[in-house]
1. Among (1) more than 26 Å from A193 (Cα to Cα); (2) buried (at least 17 other Cβ atoms within 10 Å of the Cβ), which single condition is I167 missing?
2. Given the residues G70, G63, which is the only one that is open to solvent by 20 Å² or more (accessible area, probe 1.4 Å) and in a loop (DSSP other than H, G, I, E, B)?
3. So which residues in region 240-268 are assigned to a loop (DSSP other than H, G, I, E, B) and either farther than 19 Å from R40 by Cβ or aliphatic (A, V, I, L, M) (or both)?
4. Tell me which of these T221 doesn't satisfy, since it passes every other one: (1) open to solvent by less than 10 Å² (accessible area, probe 1.4 Å); (2) touching a residue at least 60 places away in the same chain (Cβ under 8 Å); (3) assigned to a strand (DSSP E or B).
5. Taking interchain pairs and intrachain pairs at least six residues apart, which have beta carbon atoms under 9 angstrom, with the first residue in region 346-367 and more than 13 Å from L327 (Cα to Cα) and the second part of a loop (DSSP other than H, G, I, E, B) and open to solvent by less than 50 Å² (accessible area, probe 1.4 Å)?
6. Looking at this structure, is G204 within 30 Å of V287 (Cα to Cα), open to solvent by less than 10 Å² (accessible area, probe 1.4 Å) and touching a His at 6+ places or on another chain (Cβ under 6 Å)?
7. Residue under question is R258, and the condition is that it be in contact with a Gly (Cβ under 6 Å, 6 or more places away or on another chain), basic (K, R) and surrounded by fewer than 23 Cβ atoms within 10 Å (Cβ to Cβ); does it hold?
8. Which one of L92, L81 is of a type in the set (A, V, I, L, M) and crowded, with 16+ Cβ neighbours inside 10 Å?
Amino acid sequence: MTPGLPVKFLHTADWQLGKTFGFEANDDGRDPAAALAQARFEAVATIARLAVEHGVAAVLVAGDVFEKPGLSDDSLRRAFLAMAAYDGPWVLLPGNHDAALAESVWTRAARMGIVPANVVLALEPGVFELADTGLAVLAAPLTQRHVHDDLSAAFDGWETPAGLLRIGLAHGSVSGILPEQADSPNPIAPDRAARARLDYLALGDWHGTRQIDARTWYSGTPEPDRFKANDPGNVLLVELDAPGALPRVTPLRVARHRWQERREQVDGSADVERLAGTLRALDAGDVVRLAVEGMTDFATAEALRQAIDDARARAHVLEADLGGLRLDPTEADLAAMQVDGALAEVVADLHGLQDDPDQAAVAREALRQLFNVLRRTEGAAR
């Protein structure tokens with residue numbers, strides 16, 4: 001039997017180290033954007049621990065290790081230090097965000113002398129035989145941000161030693177399968193694994209975990225970075241018994257944060273209570289974008305606002321858009337606030353302005369503030 005068989009390895013991609021986020025710091029001094037950036041480095045450390053835990057032969061990273069060429073020196077050092085717990089081979093492939101240009105993040109790291117001996121930088125296309133692992137990695141690095149040719153086509157003609165597993169490593173969009181809004185236009189043939197006689201094709205660029213065929217997978221990013229429900233936050237444990245055998249692929253959860261985008265219809269107190277229950281379940285791992293639409297009375301709207309404020313204090317990030325919520329004061333609301341005469345006419349006018357897309361937000365806020373003023377006035381009178 002070839003040394004190293006059967007083989008286990010980890011497939012990961014799209015670390016995007018150095019990525020920045022647009023969330024503002026909170027009044028209490030918390031900086032959610034900085035914490036999200038830090039979580040990406042912590043995800044790499046988690047991958048290293050998983051590699052040790054599962055006794056894998058190698059970790060293959062299918063592109064976009066770094067978010068941009070202009071990464072700081074400190075971030076470069078942190079990236080390689082995060083890998084330290086696993087001393088087996090790491091193969092890092094340049095993607096569209098960190099392409100292997102003549103002057104790149106990779107050449108800087110080499111000049112700084114910070115690339116560990118067990119880290120293989122696949123900066124040129126070719127076959128990388130990993131000693132004593134049973135793996136021959138066929139790598140198709142991007143040497144420019146965007147290409148229009150299928151760089152993985154070269155795999156078809158590359159020979160590898162008999163008995164070694166043929167593992168493809170590429171970064172791009174599988175033609176005809178991924179949606180047009182995939183990050184990179186760099187095409188990859190959907191049947192590349194079969195054409196190139198690959199035992200497994202490890203892909204990067206799509207940020208969610210996705211199987212293309214029995215031998216072809218996207219691992220997705222190990223730490224989510226956007227509001228897409230495409231199963232991000234994993235690395236893949238791949239097991240192969242021998243050349244030609246089908247791989248066994250197991251997603252392993254890595255992510256610290258859960259990104260979710262919700263659109264909720266609220267048309268009364270029952271809907272608000274249901275939504276409040278959902279919001280109460282949020283914690284420091286949640287990054288949420290919430291849009292609320294519907295119609296409700298003053299008191300119910302205030303209960304909703306309170307539930308959102310409470311949840312915002314618990315969640316890592318909660319962005320709430322109430323632009324689609326229409327305030328509809330009930331007769332009881334108006335009677336309780338003793339709204340009559342000219343004030344009643346103002347309330348009626350503001351109520352009607354909510355039908356005007358250009359005036360709705362101002363009218364809704366004016367109604368809300370008017371309600372609060374009247375409520376405070378009534379409380380003081382009592």
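The values are calculated or read from the model by the stated rules, or taken from the named source; none is laboratory data. It should be emphasised that the depicted structure is a prediction, and the values quoted were computed from it without experimental measurement. Here the Cβ positions follow ideal geometry from the backbone for every residue, glycine too, while neighbour counts run over all protein chains shown. Calculation scope for accessible area: heavy atoms of the full protein, side chains included, ligands and nucleic acids excluded. Shrake-Rupley method; radii C 1.70, N 1.55, O 1.52, S 1.80 Å.
1. (1) is the only condition that I167 fails.
2. Answer to the selection: G70.
3. D241, A242, P243, G244, A245, L246, P247, V254, A255, D267, G268, listed by residue number.
4. Of the numbered conditions (1) open to solvent by less than 10 Å² (accessible area, probe 1.4 Å); (2) touching a residue at least 60 places away in the same chain (Cβ under 8 Å); (3) assigned to a strand (DSSP E or B), the odd one out for T221 is (3).
5. V346/V339
6. In short, yes.
7. Spelling it out, R258 is indeed in contact with a Gly (Cβ under 6 Å, 6 or more places away or on another chain), basic (K, R) and surrounded by fewer than 23 Cβ atoms within 10 Å (Cβ to Cβ).
8. The match here is L92.
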